[in-house]
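Asks: Attaching a single structure in structure tokens format; questions to follow.
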Amino acid sequence: MALELESLRKAIGALERSLRVAEEQADGGDVDLVETLCAGVVQNFEVAYEQSWKMMKRWLETNVSPVEVDGVARRQLFRLCHENRLIDDVDAWMAFHKSRNETSHTYDAETAKDVFKVAGDFLPEASDVLARIAERND
């Protein structure tokens with residue numbers, strides 16, 4: 001059964017657009033605008049991260065085994081994704097997970113700056129996951 005990938009495509013597209021606009025405006029001098037755009041990138045990162053790991057989990061449930069995936073810790077989920085060639089680097093995905101958790105537990109200017117940087121690293125990884133799932137989406 002093929003998975004519906006449109007929500008993941010939209011989330012990644014929104015992150016890509018927000019990163020592009022924020023980077024275009026970074027040297028514009030309007031601190032409030034840049035801060036607002038950074039907050040938008042962080043929010044789009046959160047959504048894209050959530051959509052990504054949930055889609056990977058659905059793919060594993062559908063194509064590997066729902067029993068093997070049910071209730072596993074995030075690191076184990078990412079290991080299964082690596083074993084099934086959905087991702088290349090478990091540690092990178094754990095770092096994305098850590099950044100996502102930081103945005104939900106503590107949100108301040110420094111956290112936003114850190115997550116903004118992580119979002120730029122996350123975008124190609126999320127795009128790669130989407131491409132790998134789409135390629136194997138029966």
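Asks: Residue check: is Met94 buried (at least 16 other Cβ atoms within 10 Å of the Cβ), in a helix (DSSP H, G or I) and either at pLDDT 95 or above or under 14 Å from the mean Cα position of the chain (by Cα) (or both)?
Replies: Answer is no for this residue.
Asks: I've got another one for you. Taking the residues in the stretch 56-89 that are of a type in the set (Gly, Ala, Ser) and under 21 Å from Leu3 (Cα atoms) as candidates, determine which candidate is farthest from the chain's Cα centre (by Cα). Quick ask: steps written out before the conclusion?
Replies: Keep residues of the stretch 56-89 that are of a type in the set (Gly, Ala, Ser), which gives 65, 71, 73.
Right, trim to under 21 Å from Leu3 (Cα atoms) and you get 65, 71.
Numbers: Ser65: 23, Gly71: 20 Å.
Top of the filtered list is Ser65.
Asks: Please go through the stretch 17-33 and pick out each residue that is touching a helix residue (DSSP H, G or I) at 6+ places or on another chain (Cβ under 7 Å), part of a helix (DSSP H, G or I) and surrounded by fewer than 17 Cβ atoms within 10 Å (Cβ to Cβ).
Replies: Within the stretch 17-33, Val21, Gln25, Leu33 meet the criteria.
Asks: Hey, can you tell me all the residues within the stretch 1-16 that are of a type in the set (D, E, K, R) and assigned to a helix (DSSP H, G or I)?
Replies: Hits for the stretch 1-16 are Glu6, Arg9, Lys10, Glu16.
Asks: Within the stretch 119-132, does at least one residue satisfy the condition of being assigned to a loop (DSSP other than H, G, I, E, B), among the small types (Gly, Ala, Ser) and loosely packed, with under 14 Cβ neighbours inside 10 Å?
Replies: No: zero hits.
The values are calculated or read from the model by the stated rules, or taken from the named source; none is laboratory data. Every value quoted in this text rests on a predicted model; they were computed, and no experiment measured them. We place every Cβ from the backbone using ideal geometry, glycine too, and count neighbours over all the protein chains shown.
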